[in-house]
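Everything on this sheet refers to the single structure shown next.
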Amino acid sequence: MASSTHAATTSGGVRVHVQRFGTFLSNMVMPNIGAFIAWGLITALFIEKGWLNWGGSGGLAPDSWVAKIGGWGDFDGGGIVGPMIVYLLPILIGYTGGKMMYDTRGGVIGAIATMGVIAGTDIPMFMGAMIMGPLAGWSMKHIDAIWDGKIKPGFEMLVNNFAVGIWGGLLAAFGFFGMSPVVEWIAGRLSDGIDLLVTNNLLPFTSLIIEPAKVLFLNNALNHGVLTPLGTTEAVENGKSILFLLEANPGPGLGLLLAFTFFGKGLAKASAPGAMIIHFFGGIHEIYFPYVLMKPKLILAMIAGGMTQIFINVLFSSGLRAPAAPGSIIAVFAQTPGSSFIGVTLSVLGGAGATFLVAAFLLKTDRAEDPEDQLVHATASMESMKGKSSVASSTLLGTGVATAGAPIRSIVFACDAGMGSSAMGASVLRKKVHAAGFTDVTVVNKAIANLTDTYDVVVTHQDLTDRARQKTGSAIHVSVENFMDSPRYDEVVELVQHSNGAPAATGPAGSGADADLSTAILGADAIVFESGGASRAEAIARAGELLVASGAVDASYVDSMHEREKSVSTYMGNLLAIPHGTNEAKPSIRRTAISFVRYTDAVDWKGKEVKFVIGIAAAGDDHLKLLGKIAEIFIDADQVARLEAASTPAEIQEVLGNVQPV
């Protein structure tokens, strides 16, 4: 029994660490996806073998404006393409990593430190940026803490600026002399490994090295430093070489981006189709690397695709006459001899298929919230998250931390993205705490990744408590299952009463009941009483159709509501579901509005009973306020009873009188 418990605890710990690492990489890479796409487009268009020069056969002059931008011909070593991948992209990642650790100040010193590691090597320094950026931000934060509150008035700016300048210079020097040789050593060992596998005829296993090396932007070092020289020698003797296809085959990257197109979420899903075109036809493989970096387990899909395409080429004795540069399908076929067309074609399809299947499985079974997806909430996704909940953290009063001598001043409700579910939970808890007279206690919502150890109480879904505890070790941690009516909220109020004593004298705690409903938000024609029941899909469609009829959204928004439900349930508890569209459907929203449908027979919502279906179309950030207002109403049993007993739209509007984002 003890060993079983230990194994479960170890498994949970591993899960937490993998989740944190994946979220950390995702938050560093995803904000910069637009820059990667911009670089990919510029590269595909303007390099010597790019689209504008017809793959190198367009006859453009070496002093043309295309050559000037692409950095070839008379402008060899100049242009935009090289400086963007060598300087801009790593510095952006370094800045973002530093900012994650210490806001803008951390971002600035992260960029400075990254510049040092960039200048110390000839290969793109993305790995170094991912190390130096966060390291710089973290260390600057701790250095500032040394003299926090000790600087004489008037000298703050001087001390702060010189601290960044001096420490940033030291970190840049460390990156130049210390980190750069480490990354170059890693690249060298990878090259040696590839050479060993090639010389021993173990070609499919080269993917175990090539694919991880590629996503760390060491692909050019491997390709041009090892594979191209060996392949050229073989091609001179045999007229072709399979070595030219080990790294350049676009099949696996195509499969990955196809998987994101169909099964991804948020920004990754929206940007994948464009990245696919740049990768497959432009040959810019680097465009898909960030998609693997933000979910490291997808390297398994890339290895599967790489091994498959190499095995097929070995089986058919396929090869290219010369290197395919860039690695587009056009360049690959241009260098394919007639005897290898079938094998090369099948290798591209096989590599894409294998990667797609593995990546699709990993994405479909990935229950982590997308940090870019502002309306995703954790109610259903947390129910199916891998691992077990924390037993220790599920007992509030067992912590023994809060005492009358340690008053509670700040409470944070945290979820993975810090948006939908935590906003609704924080609204419910805030109302209870303030209604008890403790209006001086702040209740806010945040993403777990952004938590700092400055809060007195941290409330999370039970499957996220372990992660939150690692960020806020000194806080009291409360685990909940139901965001709407968890009894834990009442326990938190009791804990505040016990710790703070009598509440401060205040006026009535914000009833908000006198706020009249704007008919632009919920008109009478958007309120329907349905006799009987319906399926979940029918209920979503009905709520969406009412939004369309009221002129709040385009008809396409209804499809996005169904799409949202496929990724995560919109059931919220207390007989309520709040179907809404995906982030990509925001352009379909003309104005903020809600619809209301009440069913006499409960709708089966993935095993949960729902009688109230509120369709939401929120422009901008209105959804956070709408969710909060709706939550306040549905935690009140009397208000829910009024909604269930109402017989006219006016009675519904009277209950939902303060559901408006302003």
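The values are calculated or read from the model by the stated rules, or taken from the named source; none is laboratory data. Values in this document were obtained by computation on a predicted structure and should not be read as measured data. Cβ sites come from the backbone with ideal geometry, for glycine too, and all protein chains shown count toward neighbours. All accessible areas refer to the heavy atoms of the entire protein, side chains included, with ligands and DNA or RNA removed. Shrake-Rupley method; radii C 1.70, N 1.55, O 1.52, S 1.80 Å.
Return the only residue of 590, 542, 598 being basic (Lys, Arg), surrounded by fewer than 22 Cβ atoms within 10 Å (Cβ to Cβ) and either free of Cβ contacts under 8 Å to residues at least 40 places away in the same chain or closer than 26 Å to residue 269 by Cβ (or both). None of the others qualify; the one that does is 590.
Of all residues in region 323-353, which are assigned to a loop (DSSP other than H, G, I, E, B) and open to solvent by less than 30 Å² (accessible area, probe 1.4 Å)?
Those that are assigned to a loop (DSSP other than H, G, I, E, B) and open to solvent by less than 30 Å² (accessible area, probe 1.4 Å): 324, 326, 327, 328, 336, 337.
Of the residues making up region 243-268, those that are under 20 Å from the mean Cα position of the chain (by Cα), modelled with pLDDT of 85 or more and not small (Gly, Ala, Ser) are 256, 257, 258, 260, 261, 262, 263.
Here residue 97 does not qualify as within 20 Å of the chain's Cα centre (by Cα), farther than 29 Å from residue 334 by Cα and modelled with pLDDT under 85. Kindly establish whether residue 22 is open to solvent by 20 Å² or more (accessible area, probe 1.4 Å) and either assigned to a loop (DSSP other than H, G, I, E, B) or at pLDDT below 85 (or both). Judged against the criteria, residue 22 is not a match. Exactly one residue among 148, 103 is among the charged types (D, E, K, R) and assigned to a helix (DSSP H, G or I), and that residue is 103. Within this structure, residue 114 fails the test of being open to solvent by 20 Å² or more (accessible area, probe 1.4 Å) and either of a type outside the set (Gly, Ala, Ser) or farther than 24 Å from residue 82 by Cα (or both).
Scan region 595-622 for residues that are within 16 Å of residue 529 (Cβ to Cβ) and of a type outside the set (Phe, Trp, Tyr) and the total you get is 12. Quick check: is even one residue across region 304-319 in a loop (DSSP other than H, G, I, E, B) and at pLDDT below 80? No, there is no match, as no residue in region 304-319 is in a loop (DSSP other than H, G, I, E, B) and at pLDDT below 80.
Check whether at least one residue in region 117-130 is out of contact with any helix residue (DSSP H, G or I) (no Cβ under 8 Å at 6 or more places or on another chain), surrounded by fewer than 19 Cβ atoms within 10 Å (Cβ to Cβ) and closer than 25 Å to residue 24 by Cβ, and report yes or no. No: zero hits. Take the conditions (1) crowded, with 24+ Cβ neighbours inside 10 Å; (2) β-branched (Val, Ile, Thr); (3) without any contact (Cβ under 8 Å) to a residue 12 or more places away in the chain; residue 277 misses just one of them, which is (1).
Condition check: part of a helix (DSSP H, G or I), open to solvent by 10 Å² or more (accessible area, probe 1.4 Å) and more than 20 Å from residue 118 (Cα to Cα). Does residue 85 satisfy that? Here the answer is no, as residue 85 does not meet what is asked. Within region 435-462, the set of residues being in contact with a Gly (Cβ under 7 Å, 6 or more places away or on another chain) and at pLDDT below 85 comprises 445, 446, 447, 450, 453. Considering every residue within region 183-199, establish whether at least one is within 30 Å of residue 304 (Cα to Cα) and not in a helix (DSSP H, G or I). No, region 183-199 contains no residue that is within 30 Å of residue 304 (Cα to Cα) and not in a helix (DSSP H, G or I).
Does residue 276 count as in contact with a helix residue (DSSP H, G or I) (Cβ under 9 Å, 6 or more places away or on another chain), over 24 Å from residue 93 (Cα atoms), at pLDDT 90 or above and part of a helix (DSSP H, G or I)? Spelling it out, it is not the case that residue 276 is in contact with a helix residue (DSSP H, G or I) (Cβ under 9 Å, 6 or more places away or on another chain), over 24 Å from residue 93 (Cα atoms), at pLDDT 90 or above and part of a helix (DSSP H, G or I).
For first residues located in region 49-68 and open to solvent by 40 Å² or more (accessible area, probe 1.4 Å), partners that are in a helix (DSSP H, G or I) and β-branched (Val, Ile, Thr) and lie 6+ apart or on another chain with Cβ distances below 7 Å form the pairs 52/66; 55/330; 60/66.
The residues of region 626-652 that are at pLDDT below 85, assigned to a helix (DSSP H, G or I), closer than 20 Å to residue 579 by Cα and not basic (Lys, Arg), listed by number, are 626, 627, 628, 630, 631, 632, 633, 634. Restricting attention to region 200-225, the residues being assigned to a loop (DSSP other than H, G, I, E, B) and at pLDDT 70 or above number 4.
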